[in-house]
Amino acid sequence: MTLPAQHNRPSRHATITSISAVTPDIKVVRLRPSRPFMFKAGQYIDVRFDNLEARPYSLARAPGDDTLEIHIKRGNGPTSRYVMDCLQPGEEITFTGPEGQSWYDNTTRDPIVALAGGLGIAPIKAIAEQAMKENHPHPFTLYWGTYSDAERYLDENFQMMARQYSHFHYHPVTGDHVGERALQHIDNFAGSQIFIPGPPVMIHHILPPPLEKSATRATIRYARHP
């Protein structure tokens, strides 16, 4: 299921409530909108910090809380540098959204397979939380690949979910082989919803393995994370 594209959304205001450095170059930023904000797990917002150019960030927490969560990695752009070096709790920001057509659909109760690389885990975290909250009846299988073990800052979170929910299966992958690892474990992708978050280059790399084992493009959702 997809949402129609929406443009010219009004700006909303929010306050930064906390900033956590979860790795040397990744921060988890939580913000509280000034008024209730509705979205679906898997969507993203465009955030403007300190009058800099707005940037898109996936929402990394399931709907239902009054606080939003985004994950930001250090890069070369001015917004990334500002968040890493200057942003403080209590600051006011503006954002627009939600945007994105790849989100958890609670009317489709098929098994779910998520293939995430690096910071692409952010929208998948929200989708997994929402699926478990709504008692998704079939297996939810997550493969998360990072270049090193130290980059998997959500390992404990997903291990706890796997202990709590018998049908949630978490497979950490070290190295650039997420799709290949899934191909080894899953005999047939037919009938599953498949989420692949990330930029086009990463999606192009991960996409072939599911298609080799009966996945169709109609069942693949490209959950965006820049």
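The values are calculated or read from the model by the stated rules, or taken from the named source; none is laboratory data. All figures in this text were calculated on a predicted structure; none of them were measured in a lab. FYI the Cβ positions are ideal-geometry reconstructions off the backbone, even for glycines, and counts take in every protein chain you see. Note: accessible area is taken over every heavy atom of the protein model, side chains too, but ligands, DNA and RNA are not part of it. Shrake-Rupley method; radii C 1.70, N 1.55, O 1.52, S 1.80 Å.
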Review point. Within the range 95-121, restricting attention to residues that are among the polar types (S, T, N, Q) and open to solvent by 40 Å² or more (accessible area, probe 1.4 Å), which residue is nearest to Ala54 (Cα to Cα)?
Key: Gln101
**Study point:** Gly64 vs. criteria under 20 Å from Phe195 (Cβ atoms) and either open to solvent by 60 Å² or more (accessible area, probe 1.4 Å) or modelled with pLDDT of 95 or more (or both)
**Key:** yes
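Matching residues to (1) within 25 Å of Gly118 (Cα to Cα); (2) surrounded by fewer than 16 Cβ atoms within 10 Å (Cβ to Cβ); (3) hydroxyl-bearing (Ser, Thr, Tyr); (4) in contact with an Asp or Glu (Cβ under 7 Å, 6 or more places away or on another chain):
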| site | (1), (2), (3), (4) |
| --- | --- |
| Ser34 | no, yes, yes, no |
| Arg48 | yes, yes, no, no |
| Tyr57 | yes, no, yes, no |
| Glu69 | yes, no, no, no |
| Gly77 | yes, yes, no, no |
| Ser80 | yes, no, yes, no |
| Asp85 | yes, yes, no, no |
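Here's the yes/no breakdown for (1) under 28 Å from Ser148 (Cα atoms); (2) touching a Pro at 6+ places or on another chain (Cβ under 9 Å); (3) not in a loop (DSSP other than H, G, I, E, B):
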| position | (1), (2), (3) |
| --- | --- |
| Asp65 | no, no, no |
| Ile72 | yes, no, yes |
| Asn76 | yes, no, no |
| Tyr104 | no, no, no |
| Gly120 | yes, yes, yes |
Review point. Which of the residues spanning the range 182-221 are more than 20 Å from the chain's Cα centre (by Cα) and not hydrophobic (A, V, I, L, M, F, W, C)?
Key: Gln184, His185, Asp187, Asn188, Gly191, Pro208, Pro209, Glu212, Lys213, Ser214, Thr216
**Study point:** Residue among Tyr170, Tyr147, Tyr143 that alone is over 12 Å from the mean Cα position of the chain (by Cα) and either exposed (fewer than 15 other Cβ atoms within 10 Å of the Cβ) or aliphatic (A, V, I, L, M) (or both)
**Key:** Tyr147
Review point. Would a scan of the range 91-104 turn up a residue that is over 16 Å from Lys40 (Cα atoms), acidic (Asp, Glu) and touching a helix residue (DSSP H, G or I) at 6+ places or on another chain (Cβ under 9 Å)?
Key: no
Practice item. Could you list all residues from the range 122-140 that are open to solvent by 30 Å² or more (accessible area, probe 1.4 Å) and over 14 Å from the mean Cα position of the chain (by Cα)? Key: Lys133, Glu134, Asn135, Pro137, His138, Pro139
Check your understanding: Which of (1) touching a residue at least 24 places away in the same chain (Cβ under 8 Å); (2) open to solvent by 40 Å² or more (accessible area, probe 1.4 Å) does Leu154 not meet, given it meets every other one?
Key -> (2)
